[in-house]
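Here is the structure we will look at, set down as structure tokens.
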Amino acid sequence: MVAGAAAVVVLALAAAGVAVVRPGPVAGWLGQADPSPTGQSEPPEPPPAPVLLAAGATAPVPTQQGLQAAIGPLVGAALLGSSVHVAVLDVATGEQLYGEGQDTPTVPASTTKLVTAATVLAARGPAYRIATRVVAGASPGEVVIVGGGDPTLAINATGIYPGAGRLDDLAAKVKQALGGTVPTKVTVDSSLYSGPVYGPGWDADIPTGGFAAPITALMTDGARIDPKDNIKGAERYEKPDVAAGRLFAKALGLPTATVNAVAKGTAPAAPPDATGASASPGATIAPGTELGRVESPPLVRLVEFMLADSDNVVAETLARQVALARQQPASFDGAAAAMDTVVGELGLDANQTTVSDGSGLSRRNRISPALLTDVLGLAAGGSKPELAGIFAGLPVAGWSGTLAERFASPSAVAALGAVRAKTGTLSEVNAISGTVTTAQGRLLAFAVLADKVPSGPEQAASALDKIAAALAACGCAG
């Protein structure tokens, strides 16, 4: 699956010939690069050319009149309600080809995750990995597991996220570092995150509905109680950090009473001469000395997990990484402020986005369709290769992720395999934003946001699918 991530990045925009990324950076992000050739090797190959060449220079550009004829009547469908805002961008030139309320800040639902993806890839870099550490506690026999914000941390080989760090591996490292000394107490330090554990503007049923979880700096398997439960509405821990600490205590082989006694605390500061080396039996280890660590997959993979399955918990933890990278508190408010800052740093119009969370569950979020298409255009254009990881995670119409069962009607068949997009759904809100290759071979970025939907989500989704399919079938160049 790791090798597949690089391939999907390359193939995502192949139809239009967009320069996305060179092979080397992708291999490096995934930890597969070979930085040090040895021996009398053959002369090195010259630097690789871009995997894909300049975008769509020969494919006809749709006209505004052609797009109006193709999608105008569909945008006005009664199923989508009275507040429908649309933007269509030509990826090769960055020119806006069509818009209706394209600059209007609109409730974006889960299309917010496109902004989360772009800002975390820009702020942290695709290769960044989130560490979970264990240090020696303040009292003899105490070990402290320190959450770094990795939502993918697994208990063992049954984890739901491929390539995740594991508690059983971490426990083995700690035992080795202790030199045979058996710990007598496990403490959880999840103090990296601050503020409320549920987002501002979240619906009242989110904490109990399983679509999200309390956002804590330590958790296993996205806070799922059953690591293999990947259905919508999976049951989550009420206190994911404490639950993870107890699971770690079990992995250390501690007795039930000690496992049940796991509680939150604060890790001691590392001593100046701490090396983390294994101790000899009976040796005293200074409080704060690191005893072991495991790491998440690279962020480019976490972004893929977030987008493919619209994973709200992963989204919120990635938003906090943006906060940490910009020296903001790792809270909902800090993450929102940092995301807005990075949007501006990317050269995008920060006035067209105001977010309160990273997942899109918040009804306070406002993003314009034009901002979403600008994000996609920037990611595809080649000037910011670190953003190309967005395309590895975007679901493909009729094939993968949240679009696997969409575009099923005969009127939407043109979109199959031609549309890669992120959807968004809240009650009375339906959205879709992604890329589409027209029948004439032009790559477009598009966004359709409707936030006063009178119909049910299935009917609204079908109406959105028809718009994307009409773009795919478009002979709109006049």
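Using the structure shown, decide if residue 402 is of a type in the set (S, T, N, Q), surrounded by fewer than 22 Cβ atoms within 10 Å (Cβ to Cβ) and touching a strand residue (DSSP E or B) at 6+ places or on another chain (Cβ under 6 Å).
On the way: of a type in the set (S, T, N, Q): yes; surrounded by fewer than 22 Cβ atoms within 10 Å (Cβ to Cβ): yes; touching a strand residue (DSSP E or B) at 6+ places or on another chain (Cβ under 6 Å): yes.
Answer is yes for this residue.
Among helices (runs of 4 or more DSSP H) lying entirely in the range 182-294, which contain 1 or more residues that are modelled with pLDDT of 95 or more?
On the way: elements: 206-209, 240-251, 256-260.
The helices (runs of 4 or more DSSP H) meeting that bar are 240-251, 256-260.
Looking for something in contact with a helix residue (DSSP H, G or I) (Cβ under 9 Å, 6 or more places away or on another chain), hydroxyl-bearing (Ser, Thr, Tyr) and on the phi > 0 side of the Ramachandran plot - is there at least one such residue anywhere in the range 307-314?
Yes, the range 307-314 contains a residue that is in contact with a helix residue (DSSP H, G or I) (Cβ under 9 Å, 6 or more places away or on another chain), hydroxyl-bearing (Ser, Thr, Tyr) and on the phi > 0 side of the Ramachandran plot.
Out of the residues in the range 129-149 that are charged (D, E, K, R) and part of a strand (DSSP E or B), state the one that is farthest from residue 184 (Cα to Cα). Steps first, answer last, please.
Residues of the range 129-149 charged (D, E, K, R): 129, 133, 142.
If we keep only those that are part of a strand (DSSP E or B) too, we end up with 133, 142.
Numbers: 133: 18, 142: 6 Å.
The selected residue is 133.
Please determine, by comparing only the residues of the range 338-350 that are modelled with pLDDT of 95 or more and part of a helix (DSSP H, G or I), which one is farthest from residue 429 (Cα to Cα).
Filtering first and then ranking leaves 345.
Filter the range 83-104 for residues that are part of a loop (DSSP other than H, G, I, E, B) and either touching a Cys at 6+ places or on another chain (Cβ under 9 Å) or open to solvent by 50 Å² or more (accessible area, probe 1.4 Å) (or both); which is nearest to residue 366 (Cα to Cα)?
104
Give the residue, chosen from 161, 193, 198, that is of a type outside the set (Asp, Glu) and free of Cβ contacts under 8 Å to residues at least 24 places away in the same chain.
198
Looking only at residues that are open to solvent by 10 Å² or more (accessible area, probe 1.4 Å) and touching a strand residue (DSSP E or B) at 6+ places or on another chain (Cβ under 6 Å) in the range 408-435, which one is farthest from residue 397 (Cα to Cα)?
So the residue we want is 423.
Can you name every residue in the range 163-184 that is out of contact with any Gly (no Cβ under 6 Å at 6 or more places or on another chain) and basic (Lys, Arg)?
Passing the criteria: 166, 175.
When only residues in the range 374-399 that are open to solvent by 10 Å² or more (accessible area, probe 1.4 Å) and either among the basic types (Lys, Arg) or outside any helix (DSSP H, G or I) (or both) count, which is nearest to residue 333 (Cα to Cα)?
384
Would you be able to say whether some residue in the range 461-471 is in a loop (DSSP other than H, G, I, E, B), of a type in the set (D, E, K, R), more than 26 Å from residue 121 (Cβ to Cβ) and open to solvent by 40 Å² or more (accessible area, probe 1.4 Å)?
no
Take residue 107 and decide whether it is under 21 Å from residue 371 (Cβ atoms), modelled with pLDDT under 95, in contact with a strand residue (DSSP E or B) (Cβ under 7 Å, 6 or more places away or on another chain) and crowded, with 20+ Cβ neighbours inside 10 Å.
The answer is no for residue 107.
Do you know which residues across the range 139-149 are at pLDDT 95 or above and either closer than 13 Å to residue 248 by Cβ or open to solvent by 10 Å² or more (accessible area, probe 1.4 Å) (or both)? First the steps, then the outcome.
Keep residues of the range 139-149 that are at pLDDT 95 or above, which gives 142-149.
Hits for the range 139-149 are 142, 143, 144, 145, 146, 147, 148.
What do you reckon, is residue 184 among the β-branched types (Val, Ile, Thr), surrounded by fewer than 18 Cβ atoms within 10 Å (Cβ to Cβ) and in contact (Cβ under 8 Å) with a residue 12 or more places away in the chain?
So residue 184 fits the description; yes.
Filtering the range 112-132 down to residues that are crowded, with 20+ Cβ neighbours inside 10 Å and charged (D, E, K, R), which residue is nearest to residue 354 (Cα to Cα)?
Applying the filter and picking the extreme gives 113.
Consider the range 356-373. How many of its residues are open to solvent by less than 10 Å² (accessible area, probe 1.4 Å) and either over 21 Å from residue 215 (Cβ atoms) or part of a loop (DSSP other than H, G, I, E, B) (or both)?
Going through the range 356-373 one residue at a time, the tally reaches 12.
The values are calculated or read from the model by the stated rules, or taken from the named source; none is laboratory data. Here the structure is a predicted model, which means the values were calculated and not measured. Please note: Cβ atoms are built from the backbone with ideal geometry, for glycine as well, and neighbour counts cover all protein chains shown. Side chains included, ligands, DNA and RNA excluded: accessible areas come from the protein's heavy atoms. Shrake-Rupley method; radii C 1.70, N 1.55, O 1.52, S 1.80 Å.
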